[in-house]
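S.K.: Pasting in a structure now, in structure tokens, and then I'll have a few things to ask.
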């Protein structure tokens, strides 16, 4: 293990502007710090450090202190090549550090690693020059707004500009339909996920929810709301014994997420999209079958092509207009998410 290194003797190429922006993006995404910090810094050292050279495995074996010193020098000296802001802004570092401590369960060595003094303000200047504000991801926009408003209250800035960060709770769901429609439903309901710091995480199917929850419960301090279809009772049974007191499981009462959609919303969406081909009525969807089967059959009969869940979910989101587009169970779900603390 490399414990000591004369930091003044290292030789390196300046980190490119694009890579500085990408690295800041990766460091400030919602992801467990151990993974993102080691990935970012090992990539930088392997690519830009000329002497001494280290393999990724050697970097992983470095003492935290040595890794921080090398990363800080490469990062901060590189920023000097492009902007006049040559010193790290301690306010940015303090805010991000406090946020990580309140969001994640961190080991002592990881707490030491994330307490790194890198020039964030200079990279934000580079990011705006390269991309422009509108093209920046939310995690970077949030930092820009913090600086612009002289590090005002983070919560008020998040609510004012729909910045998502700092994240206060997680909604863990099964698949893409929930990922598309839950935020749209929530916005219509009056509880915008971006405004109130609600991060939606899709597991990629009910069979993955248990595995992902088991991981997140150990990594996170913030509460988790788990949304499952009615047929995922077995998954709920596996989660219940390890469910933290702050977390909640919601099992849809009957069927799948698609089965709690407003029939009027479905009718309006189809009629707007296919008005020159066919016209539907609410009666077309009042059958004692899963809604995905009903819609698949409707698409087949009217020769509308294959029913694609994700594409249809996007069209439903575009057609949301009225509070009555939210069913009673949808509102129950959103209320529970809203009141989760």
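S.K.: With contacts defined as alpha carbon pairs under 8 Å and 6 or more residues apart, what's the relative contact order of region 258-325 in percent? Could the numbers behind the result be given before it?
M.R.: Details: 44 pairs, mean separation 27.1, N = 68.
Value for region 258-325: 40 percent.
S.K.: Within 10 Å, count the other beta carbons around each residue, average over each peptide in 154-160, 331-337, and list them highest first.
M.R.: Highest mean packing first, the order is 331-337, 154-160.
S.K.: Right, something else. Quick check on the chain: helices-only [θ] at 222 nm, where DSSP H runs of length 4 and up contribute -39,500 (n - 2.57) each and the sum goes over total residues. Nearest 500, please.
M.R.: -16500 deg cm²/dmol
S.K.: Taking the Cβ-Cβ separation of residue 8 and residue 201 as r and a Förster radius of 41 Å, what is the calculated FRET efficiency to the nearest 0.05?
M.R.: My answer for the efficiency is 0.40.
S.K.: Using only the alpha-carbon atoms, how far is helix 263-273 inclined from the longest principal axis of the chain? Give it as 0 to 90 degrees, nearest 10.
M.R.: Compared with the principal axis, the helix lies near 80 degrees.
S.K.: With viscosity set to 0.692 mPa s at 37 °C, what whole-number translational diffusion coefficient in µm²/s follows for region 1-147 from Stokes-Einstein and a Kirkwood radius over Cα pairs? Intermediate values should be presented prior to the final figure.
M.R.: Values: Rh = 15.6 Å.
After rounding, the answer is 211 µm²/s.
S.K.: Given points 7 Å out from each Cα along the Cα-Cβ axis, report the residue 301 to residue 51 separation in nanometres with one decimal.
M.R.: Calculated label separation equals 7.8 nm.
S.K.: Related question: Sketch the reach of a paramagnetic label on residue 244 as a point 7 Å from Cα along Cα-to-Cβ, and name the residues of region 309-341 whose backbone nitrogen lies under 12 Å away.
M.R.: Within reach of a label on residue 244: 341.
S.K.: Using Cα centres only, tell me the gap between region 174-233 and region 99-148 in whole Å.
M.R.: 24
S.K.: How far is helix 176-189 tilted off the main Cα axis of the chain, in degrees rounded to 10, range 0 to 90?
M.R.: So the inclination is approximately 80 degrees.
S.K.: Now, a different point. Can you tell me the alpha carbon radius of gyration of region 30-106 divided by the globular rule-of-thumb value 2.2 N^0.38 Å?
M.R.: 1.20
S.K.: Take every DSSP beta bridge with both residues inside the chain and express the antiparallel ones as a percent of the total, to the nearest 5.
M.R.: Percentage antiparallel, nearest 5: 20.
S.K.: Could you put 133, 82, 37 in order, starting from the residue whose Cβ has the fewest other Cβ atoms within 10 Å?
M.R.: 133, 82, 37
S.K.: Work out the FRET efficiency for residue 131 and residue 35 from their Cβ-Cβ distance, taking R0 = 41 Å, and round it to the nearest 0.05. Kindly include the intermediate steps, with their values, before the conclusion.
M.R.: Numbers: r = 24 Å, r/R0 = 0.60.
Once the sixth-power term is evaluated, E becomes 0.95.
S.K.: If you average 1/r across every pair of different Cα atoms in region 263-332 and take the reciprocal, what Kirkwood value do you get, in Å?
M.R.: 12.7
S.K.: A further question on this structure: Between helix 64-80 and the chain, what is the angle of the helix's C-alpha long axis to the longest principal axis, kept within 0 to 90° and rounded to the nearest 10?
M.R.: 90
S.K.: Two decimals is fine: what's Rg over Rh for the chain, C-alpha atoms, Kirkwood radius as Rh?
M.R.: Rounded to two decimals, Rg over Rh is 1.05.
S.K.: For the chain, what does the relative contact order come out to in percent, with C-alpha contacts under 8 Å and a separation of six or more?
M.R.: 14
Every read-out reported here was derived from the displayed coordinates using simple, explicitly stated rules and does not represent laboratory data. All values reported here derive from a predicted model rather than from experimental measurement. Virtual Cβ from ideal backbone geometry, glycine too; neighbours counted across all protein chains shown.
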